[in-house]
1. Taking into account only those residues within the range 175-218 that are out of contact with any strand residue (DSSP E or B) (no Cβ under 6 Å at 6 or more places or on another chain) and among the polar types (S, T, N, Q), which is farthest from His104 (Cα to Cα)?
2. Is there a residue being among the basic types (Lys, Arg) and in contact with a Leu (Cβ under 9 Å, 6 or more places away or on another chain) anywhere in the range 100-123?
3. Out of Thr8, Thr15, report the one residue that is of a type in the set (S, T, N, Q), modelled with pLDDT under 95 and in contact with a helix residue (DSSP H, G or I) (Cβ under 9 Å, 6 or more places away or on another chain).
4. For a quick check of your reading: which strands (runs of 3 or more DSSP E) sit entirely within the range 32-145 and have at least 2 residues that are open to solvent by less than 10 Å² (accessible area, probe 1.4 Å) and in contact (Cβ under 8 Å) with a residue 60 or more places away in the chain?
5. Quick check on my filter: what residues within the range 180-216 are free of Cβ contacts under 8 Å to residues at least 24 places away in the same chain, closer than 30 Å to Ser48 by Cα and open to solvent by 70 Å² or more (accessible area, probe 1.4 Å)?
6. Do we find a residue being assigned to a strand (DSSP E or B) and touching a residue at least 40 places away in the same chain (Cβ under 8 Å) anywhere in the range 146-167?
7. Taking Glu229 and the conditions (1) out of contact with any Phe, Trp or Tyr (no Cβ under 8 Å at 6 or more places or on another chain); (2) open to solvent by less than 70 Å² (accessible area, probe 1.4 Å); (3) at pLDDT below 95, which numbered condition does it fall short on, given that it satisfies the others?
Amino acid sequence: MGTSYSSTFPTRPPTDPDDPASVARNDQDAFEQIDQMLCHWDRPHRRSYHWMVALDHEPHAVELSQRCQAVLPENGLDRIPPESLHLTVRRFGYVDEVQVGTLHTAVATVSEHCRTTRPFHVRLLPLAGSPGALRFSVAPWSPLLSLYHVVSAASGYDEVDPLSLYRPHVGIAYSNRVQPPDPFIAAAREARSVPSAEIVITELRLVELYRADHQYRWRVLERFSFAGEPH
């Protein structure tokens with residue numbers, strides 16, 4: 001494991017996607033089996049539209065990321081700053097390929113769904129990773145899988161089981177070279193003593209995503225607030 005880059009990591013979903021312990025254990029076990037870290041920035045990239053949850057306004061997410069970043073090795077990583085913390089739901093498509101009419105139709109469909117969606121709680125669980133990043137596990141998955149299903153259909157994708165493609169997570173640092181994984185696996189183990197953080201998801205965004213200076217940046221196109229009281 002760890003010799004090729006896939007956005008679907010771990011390959012197998014957890015036994016119980018809504019149980020924090022099951023999700024964390026699945027992510028951590030997979031991370032401990034990789035044989036090398038890869039350069040995250042070697043992945044092909046073009047400007048693209050993404051459905052995402054921004055976490056820069058969530059103080060518990062910011063605090064947890066900074067506490068865990070503090071135990072990571074100094075070299076070999078590009079730490080994700082507070083203003084760039086996010087949870088990706090799905091890529092819509094590349095900017096130069098998505099037609100304006102398709103974009104407007106998708107926005108209308110997702111907006112209608114979000115008006116009847118309640119805010120929901122998720123827990124950020126330190127710490128695991130993938131071949132290209134260090135990241136928090138997230139649980140429960142059910143409300144995020146529901147969002148994934150909605151935005152997939154709105155984006156024109158033929159629906160498949162989200163569990164075959166989607167692994168909710170929040171990155172806190174990107175690997176910027178090919179390197180041995182041992183220091184990062186050890187740091188992730190140390191960070192697991194840090195308590196998890198619960199946050200409330202109240203909004204989905206459609207953004208235009210791009211890279212700059214080994215970080216992701218985005219321009220917000222639409223905000224979709226969830227109605228009602230949180231579950």
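1. Looking at residues that are out of contact with any strand residue (DSSP E or B) (no Cβ under 6 Å at 6 or more places or on another chain) and among the polar types (S, T, N, Q), I get Ser193.
2. Taking the range 100-123 as the starting set, the residues that turn out to be among the basic types (Lys, Arg) are 115, 118, 123.
Retained after the next criterion (residues that are in contact with a Leu (Cβ under 9 Å, 6 or more places away or on another chain)): none.
No, every residue in the range 100-123 fails to be among the basic types (Lys, Arg) and in contact with a Leu (Cβ under 9 Å, 6 or more places away or on another chain).
3. Details: Thr15 fails: modelled with pLDDT under 95.
Every option except Thr8 fails the conditions.
4. Numbers: elements: 48-54, 77-79, 86-94, 120-130, 133-139.
Counting at least 2 such residues, we get 48-54, 86-94, 120-130, 133-139.
5. Once the filter is applied, which keeps residues that are free of Cβ contacts under 8 Å to residues at least 24 places away in the same chain, closer than 30 Å to Ser48 by Cα and open to solvent by 70 Å² or more (accessible area, probe 1.4 Å), the range 180-216 yields only Asp213.
6. Step one: filter the range 146-167 for residues assigned to a strand (DSSP E or B), giving none.
No - not one qualifying residue is present in the range 146-167.
7. In the conditions (1) out of contact with any Phe, Trp or Tyr (no Cβ under 8 Å at 6 or more places or on another chain); (2) open to solvent by less than 70 Å² (accessible area, probe 1.4 Å); (3) at pLDDT below 95, Glu229 misses (2) alone.
Each row is one residue, and each column tells you yes or no for (1) farther than 19 Å from Ala21 by Cα; (2) surrounded by fewer than 24 Cβ atoms within 10 Å (Cβ to Cβ); (3) of a type in the set (Asp, Glu); (4) in contact with a helix residue (DSSP H, G or I) (Cβ under 8 Å, 6 or more places away or on another chain).
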position	(1), (2), (3), (4)
Leu147	yes, no, no, no
Ala154	yes, yes, no, yes
Glu159	yes, yes, yes, yes
Tyr166	no, yes, no, yes
Ile172	yes, no, no, yes
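The values are calculated or read from the model by the stated rules, or taken from the named source; none is laboratory data. A quick note: this is a predicted structure, and the numbers were derived from the prediction, not measured. Positions of Cβ are backbone-derived with ideal geometry, glycine not excepted, and every protein chain shown enters the neighbour counts. To get the accessible areas, we keep the full protein, side chains included, count just its heavy atoms, and leave off ligands, DNA and RNA. Shrake-Rupley method; radii C 1.70, N 1.55, O 1.52, S 1.80 Å.
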